[in-house]
Amino acid sequence: MLKADSPIHETQPNMKALRFSQFGELTYLKLEEVPFPSLAPSDVLVKVRAASINPSDVKNIQGKMEGATLPRIPGRDFAGIVVEGPSNLKGTEVWGTGGDVGFTRDGSHAEFIAIPAAAALPKPPNLSFEEAACAGLNFVTAYEGLVARASIKPGEALLVTGAQGGVGAAALQLGHAFGAKLISVDRRPLDPVSAAPLDLLGHIDTTHEDIVARARDLTAGVGVDVAFDCVGGALFEPVLSTLAQRGRQIAITSAGQRRVSFDLLDFYHRRLTLAGIDTRALTVTDCAQILQAMSRLFKLGRLKPAKISRRGPLSDAQSLYSYVDKGAEGKAVFIFSD
């Protein structure tokens, strides 16, 4: 039993955490007993109650991301309870994510995590810890693209590729919340349950439909105002061709090929805008501010985290990480005892 008036690190010598000291195989990720995080004067200590695994967490260990310093505890998304810090924050249920978390700052795949007090954002009360741990990165990416960069407006047509993925599904929900007309694009058939509340203009199945022709058909020949591309690669140029005059395209990745080409004369004649989004540039404090802007929408139930398909303790790391690496449908989440 922890004493209420004693710092946890003084009553427990170590904590359990996943950590890796070299890039490459997922087997390099080990469950270890490690010292408690060192708290700066402006930090709080959060007891992690749930932490999801993102594809970027897997790629981090594989050495496919840039900027990580080793040894490192991975994990970007988290939800938990503040147990050390200013008295007004202790006991607060918080949630968050960050481009620095798990890369240059130890991450959430541990029993405790240290974050700046400014990043201790209260969790929407209607979300469980597990649900809150599945929201951060997906919705921060969607918000940064649609709101901060594309300035999506009510009534505009929004096309989202990779619509069945975590970020794509978040972008559709956020676009719907902002009053956009939605077109989903994916190689998989649309999930009717998740699509029903969105009132889509239509769904484009890339396995047998032409994206450009179908998008033009759905918009009466005008094209879409905003394209949120969660795929890139071979889809980049076709998606760009779906844009209307003054259309904006958001790029967050490139599957397969990194180099793409397009008709530059057509690009400037149609006065298009291309914006790249990299959430790795956003700190845990930056992300807290973005999540705060969406908190009301979560409280109202207008935004909902991705479904959870696997759960387990830190000791199941190899199984859960491998599941995500193989292209999980739904989120894999680490859960911690109270």
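Numbers for the structure displayed
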{"read-out": "Length-normalised contact order of the chain in % [C-alpha pairs under 8 Å, at least 6 apart]", "value": "19 percent"}
{"read-out": "Over the stretch 138-279, relative contact order from alpha-carbon pairs under 8 Å, at least 6 apart, %", "value": "23 percent"}
{"read-out": "³J(HN,Hα) computed for each position of the stretch 206-223 - Karplus, 6.51 cos²θ - 1.76 cosθ + 1.60, integer Hz, glycine/proline x", "value": "6, 6, 8, 10, 7, 4, 5, 4, 5, 5, 5, 4, 6, 10, 6, x, 7, x"}
{"read-out": "Least to most buried among E237, E111 (fewest other Cβ within 10 Å first)", "value": "E237, E111"}
{"read-out": "Nonlocal amide H pairs with M15, under 5 Å, H built at 1.01 Å", "value": "V34, F36"}
{"read-out": "Excluding exposed DSSP-loop trypsin sites (Lys or Arg not before Pro) (at most 11 other C-beta within 10 Å), longest clean stretch of the chain", "value": "65-257"}
{"read-out": "Counting DSSP beta bridges with both ends in the stretch 138-279, the antiparallel % (nearest 5)", "value": "0 percent"}
{"read-out": "Residues whose placed amide H lies under 5 Å from that of I115, excluding near-sequence neighbours", "value": "V44, V46"}
{"read-out": "FRET efficiency for S87 and S42, using Cβ-Cβ distance with R0 set to 22 Å, rounded to 0.05", "value": "0.90"}
{"read-out": "Sorted by Cβ neighbour density within 10 Å, fewest at the top, the residues H203, H176", "value": "H176, H203"}
{"read-out": "Inter-centroid distance (Cα atoms) of the stretch 86-155 relative to the stretch 196-247, Å", "value": "30 Å"}
{"read-out": "Per-residue ³J(HN,Hα) for the stretch 107-121, Karplus 6.51 cos²θ - 1.76 cosθ + 1.60, θ = phi - 60°, Hz, x for Gly and Pro", "value": "x, 9, 8, 7, 5, 9, 9, 9, 9, x, 4, 5, 9, 7, 8"}
{"read-out": "Stokes-Einstein D (µm²/s) once Rh is taken as the Kirkwood radius of the stretch 138-279 over alpha-carbon pairs, at 37 °C in 0.692 mPa s", "value": "224 µm²/s"}
{"read-out": "The stretch 84-199 - Kirkwood radius from inverse mean 1/r over Cα pairs (Å)", "value": "16.1 Å"}
{"read-out": "Proxy reagent accessibility, fewest Cβ within 10 Å first, across I308, I53", "value": "I308, I53"}
{"read-out": "P(r) of the chain over all Cα-Cα pairs, binned every 10 Å from zero, in whole percent", "value": "6, 26, 32, 22, 10, 3, 1"}
{"read-out": "R49 long-range amide H proximity, modeled H, under 5 Å", "value": "A79, G80, I81"}
{"read-out": "Separation of the A118 and Q257 label points, Cα + 7 Å toward Cβ, nm", "value": "4.3 nm"}
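FYI, it's all coordinate maths here, none of it is from the lab. Here the structure is a predicted model, which means the values were calculated and not measured. Glycine gets a Cβ as well: all are built from the backbone with ideal geometry, and neighbour counts include every protein chain shown.
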